[in-house]
Each structure stands twice: as structure tokens, then as C-alpha cells.
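Below: the structure, in C-alpha cells.
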Protein chains: 4
Amino acid sequence: MNQVPIPSQRFHRRVLVRFRDCDPAGIVFYPRYLEMFNNLVEDWFRDGLQLPFAELINERGWGIPTVHINVDFVWPSRIGELLNAYLWVRRLGRSSIHIAIHLQGPDGSDRVVSKEVLVFTDLSTGRARAIPEELMNKLVQFKVTEEKVNADSPTA
Amino acid sequence: MNQVPIPSQRFHRRVLVRFRDCDPAGIVFYPRYLEMFNNLVEDWFRDGLQLPFAELINERGWGIPTVHINVDFVWPSRIGELLNAYLWVRRLGRSSIHIAIHLQGPDGSDRVVSKEVLVFTDLSTGRARAIPEELMNKLVQFKVTEEKVNADSPTA
Amino acid sequence: MNQVPIPSQRFHRRVLVRFRDCDPAGIVFYPRYLEMFNNLVEDWFRDGLQLPFAELINERGWGIPTVHINVDFVWPSRIGELLNAYLWVRRLGRSSIHIAIHLQGPDGSDRVVSKEVLVFTDLSTGRARAIPEELMNKLVQFKVTEEKVNADSPTA
Amino acid sequence: MNQVPIPSQRFHRRVLVRFRDCDPAGIVFYPRYLEMFNNLVEDWFRDGLQLPFAELINERGWGIPTVHINVDFVWPSRIGELLNAYLWVRRLGRSSIHIAIHLQGPDGSDRVVSKEVLVFTDLSTGRARAIPEELMNKLVQFKVTEEKVNADSPTA
């Protein structure tokens, strides 16, 4: 697998692999990676988009359910490792947010490479709704150019 | 989305959506689906392939880490719902097991549709190893014909 | 520790120790026992008290938050073990439900011994409310006599 | 409940209440508090006692299973809240470590108050072993005086 360069528009957090994340084989149990991804999206909304989940969900009555994920678990991670987590926007629809999430080991090698699609939703109806303009203006700041997406994923 | 017919070679279990699976929006938190999938694979190995995880991992020193998942979350599930979970084999490599997992609601509609790749591994080295013949003979009993895989996923 | 005899009024379920429950030491990660307990209470409400959580929470607007737990982890449990889980009522207040939960290994020895206090709550206000008479009538069927509680826990 | 003053010998970390921690009632699902406690002990061993879990478990072959917990869930916590988590040592045996963990809300009020007992263990045998002198010397730095323990918990 050719490793994809991390674009400059990305949101970054460090993620510690904890005892609670690891299975009897001593490596991260893969559903725990999905919890890490959800935490990362939560941090991104709070710190990168200035829309904390408490406000998004409780005050606005909106949600961003994940409708699709495509994940390669490239290399296992072990307890105590400090991973680098990167998130960026690949594509924006009227109500859909296509993101990439890459987890890298301390040496910069890929551990987990993920593409996800979130849908902006009205919680009271459970139906998709248009992303508000104010939020859209912030989302585009994390969006890579089309060229990079193409190079990244010719089959996407 | 055209719903895929469940093949006759599938492994089947019922899965109850529990309080612990649900998020503040009252629907299954998506990493919990991945835990359900792992439970299903565990049940399949024990009851469908006669190789319980305790024997697989502790006695034989083997593992089956998930290296790829591709999941569509088609429709949300709620607490107390009894889902039908179906698993079958799409393709078998020397050490790789390509499976499909479909979760359906009580009315037979799709909730979650997943493709996963597991790799048969030697835990002491962490490297892939050939699937033993005895296990391979059991795995093929859950394998759909090529035609059905193609119809299912022309781009796979 | 003198093992406590399981009273006849108990609710019983079998609980399989799964891969997802186990930590890098190969034994159940202790917060997972608390999830098993919550599942047991959920099963008890549905099958023993005829009040499924979906009805309790969504239709009635009630909740039963746990306000106290006291747990002895007597002996570790391992993947693939089929535990026996027993639940009974130790004491009933106007709005509080004091329960015992015992998990035993296949040989009948104690694995986890727990006392918990649940409080019947109105979800809209978050405040305790009186247990409805219909539910109270069912709860007393799982209640041990005072003598047994005293013998069980002189310091409670 | 009289709130206990936090002693000066305590280990402190801030804990963010995340989406993944919360249940359909919008409050922290109580087994998730136990995961927070395990994370806190993990941070304490790494940063307070200079013995990271990766070294403790993988290199030394030791473990610290929790054998007892006693937890009061005083007040619910909600998504986005930044809690203060305090941990200190109440008592030290030859191989047992009695700790207190208090979680407080942003206003300093108690949310969860816990007492736990960990046992220093040899993972190869699963049996208790004496706490090494080097570790004991660090543990005592987080130990409150007997008087405070008595005032804290007259019935312990």
C-alpha cells in the first residue's frame, strides 16, 4: 500500500492506546478504533468547527449519524502507543460530509486508514437536512482539493 | 439500494439491541454494531465451524484479525429490537476469509450491510498463515457461488 | 469468603464470556461485568417483570439509574466460559430497588458478587418517583426474606 | 452526603464526558465511569508512579486486577462536561492497594465517589505478590494519613 500524504487542511489529535482498547491478543480490538474515530469527530466539531456536540445535539436538535465506513486496518497497535490521528474532508454534499481519518504510529507509518460518510440530520424527524451555511463555511476549510482526493482513491 | 437476497449457505443468529448499545439519540452507536459483528463471528466459529475462540486463540495460538471492513448503515436500530444477523463467505484465499454480514430488522429490511476481510494469523509471529485444511473444508460450506458475489458487488 | 446460597426467588440467565469482554491479560475487563449486570437487569425487566426497557423509557418516560454498586471480583473469568447469573431483590423502598447479582462459574463457584441500588426515576425531571403498585407487586416476587439478607450482609 | 475534602496527596486528571459514554437518557452509562476509573489508574501508574502499563504488563509480567469496588453515583453527568478526577491511596497492604477515586463536576460538586482495591499480581501464576519496594516508595507519596481515612469512611 502506498502511504497517502497527510494534507495540510487536516485536523490533528494525538490518541493514546489504552488498556481498555486492547484485546486478549494484546492489540487494539477493532471496534475500539471506531470509538477513537467518533471521539476525533467530536473533538473536530468542538475545536475545529466550533460546534460542540452538546450544542449540536441538545440545543440545535441536530445529529451527524455515520452512514458509511470503509476501513483498512493496516498494522496492529499496542497498549501505551501514542498515535497521530488526522481527519480531513474529502467531499461535501448538500447534507453529506465525506471524511478521511488516518491513524499513524509514532514512526509515521499507517495503522488505520478510513473513509467515512456522515449525514447532517434533524433528530426530531431522523431525516437529512441541508448543512447550515455557517457550518459549511467552516467545513470547507478542512477540505482537500479534488486532485488530492483523486490521487488518494482512484476507485472512490 | 437494492436489497440483496440472503443466500442459503448463511450462518444465522438473532441479536437483541440493548440499552448498552444505544447512544443519546436513542439509536445504536455505530461502533456497537462492530461489536455485534465480532460476537457473530465468534458464534460462527464456535457453532458453525466447531472451532471455539478459546481453542483457536489459547490452545492453537491462532488469531483472525479483521484487516478490512466496508459497512453501510442503512437504517437506525432502537432499543429492544430483535435483529436477524446473517453471515456468509464471499471469497476464500490462502489465509484470507472474505465475509458478508447483514443485519435486518424484524420486518426483513436492511439495517446494516457489511463486508469484512479476516486474515488467519499465527499469534506468536503476528503473520498470516495458511488456513488449515480441516477448517477450510468447513468454511466452504458457508461460501456462496461466484455468481452471487458478482451480482452482489460488481465493484468489489 | 463463605459463599452465599442462591435464593429460590432469583432471576436466572446464562452469560457467555466473549472476546470483546476480555483484556490483554485474557480475563474479563471489570467494567464489562457491569455491562453484563446491566444486560441482566434489562432481561429481568423484560422477562421477569414484563416491563421492557423500550416501554419503560420511551413510552412511560421512566428510568432506573444505578446509584450505588458494591462489587467483589472473587475470581477471574475467561473467554468462552458460560457463567450463571442470578439476580434477586434484597430490599424495596418507596422508589429504591436494592438488588443482589451473583455470577458463578460452570462449577458453581463465585466469580463476581454484587449489591446494587437502582432508583425509580421520572426521566423528564430526573427525580425519584414512587414505584407504581403494579410493578411493586411483581418486584416482591423476587424479594428474599429479611433473614436471608441479614445473614448475607450483617454490615449492610 | 457530606462532601469529602480532596487531600493534597492526590493524583489529578481532567476527564471529558464524551458521546460514546452517554446512554439513551443522555447521561453517562455507569459502566463507562468504570472505564474512566481504569484510564485514571493507567495515567497514575504512568505519570504518577513512573510505571507505564506497557512496562508493568509486558516487560515485568505483573498485573493489578481490581478485586473490589464500592461506588456512589451521586449526580449524573452529561455530554461535553469536563470533570475533575482525583485519585489517592487510602491504605497499603503487602500486595493490596486501596484507593479512592472522586469525580467532580465543573462546579466542584461530587458526581461519583468510589473506593477500590487493587491487588498486585504475578500474571504468570495469577497470584498476589508483594509490591516491590521501589513501587511502594512511590505509592506512599499518594497516601493520606490514617486520620483522614477514618474521617472519610467510618464504616470501611
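Summary of values
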read-out: Chain D, rotation onto A, residue closest to that axis via Cβ, with its distance in Å; value: D:35, 5
read-out: Average other protein chain Cβ within 10 Å of Cβ, residues B:83-93; value: 0
read-out: Contact order relative to length of chain A, as percent, for alpha carbon pairs under 8 angstrom and 6 or more apart; value: 26 percent
read-out: Rounded to whole Hz, the Karplus (6.51, -1.76, 1.60) HN-Hα couplings of the range C:6-18, x for glycine and proline; value: 6, x, 6, 7, 7, 8, 10, 9, 8, 10, 8, 6, 10
read-out: Spin-label proximity, residue B:14 to the range C:49-78 - amide N less than 18 Å from point 7 Å beyond Cα toward beta carbon; value: C:49-55
read-out: Radius 9 Å from Cβ of residue D:83, net charge of other residues (Lys, Arg +1; Asp, Glu -1); value: +1
read-out: Counting DSSP beta bridges with both ends in the protein assembly as shown, the antiparallel % (nearest 5); value: 95 percent
read-out: Net charge of Cβ neighbours under 11 Å - reference residue A:73; Lys, Arg +1; Asp, Glu -1; value: -2
read-out: In Hz, Karplus ³J(HN,Hα) per residue of the range D:19-28 (6.51, -1.76, 1.60; θ = phi - 60°; x = Gly, Pro); value: 3, 5, 7, 9, 9, x, 7, x, 10, 4
read-out: Sequence-distant residues sharing a close amide H with residue C:74 (under 5 Å, placed H); value: C:112, C:113
read-out: Dipole in debye (nearest 20) - the range C:44-156, about Cα centre, beta carbon charges: Lys, Arg +1; Asp, Glu -1; value: 240 debye
read-out: Distant alpha-carbon pairs in the range C:1-92 (separation over 16 angstrom), percent; value: 63 percent
read-out: Mean Cα-pair separation over length for the range B:69-128, i.e. relative contact order, pairs under 8 Å, 6 or more apart, %; value: 35 percent
read-out: Fewest-first sequence of C:102, B:98, D:12 by Cβ atoms within 10 Å of each Cβ; value: D:12, B:98, C:102
read-out: Normalised convex hull volume, the range B:43-149, alpha-carbon set, Å³ per residue; value: 123 Å³
read-out: Viscosity 0.692 mPa s, 37 °C: Kirkwood-radius Stokes-Einstein D of the protein assembly as shown over Cα pairs, µm²/s; value: 126 µm²/s
read-out: Position residue D:96, label points 7 Å along Cα→Cβ, spacing to each other copy in nm (shortest first, one decimal); value: 2.5, 5.3, 5.8
read-out: Rounded tilt (10° steps) of B:30-43 against the dominant C-alpha axis of chain B; value: 50 degrees
read-out: Long pairs among C:115/C:138; C:115/D:143; A:115/B:115; C:143/D:115; A:115/B:143; A:138/B:115, criterion Cα-Cα beyond 26 Å; value: C:115/D:143; C:143/D:115; A:115/B:143; A:138/B:115
read-out: ³J(HN,Hα) computed for each position of the range B:96-108 - Karplus, 6.51 cos²θ - 1.76 cosθ + 1.60, integer Hz, glycine/proline x; value: 9, 10, 9, 10, 10, 10, 10, 9, 10, x, x, 8, x
read-out: Helical contribution to [θ] at 222 nm, DSSP H n ≥ 4, -39,500 (n - 2.57), averaged over the protein assembly as shown, rounded to 500; value: -5000 deg cm²/dmol
read-out: Nm distances between copies for residue C:133, ranked from closest, using label points 7 Å along Cα→Cβ; value: 6.0, 7.1, 7.4
read-out: Cα centroid of the range D:111-127 to Cα centroid of the range B:1-42, whole Å; value: 34 Å
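The numbers here are math on the coordinates, done by the rules we state, and not lab data. Keep in mind that what you see is a predicted model, and the values were worked out from it rather than measured. Virtual Cβ from ideal backbone geometry, glycine too; neighbours counted across all protein chains shown.
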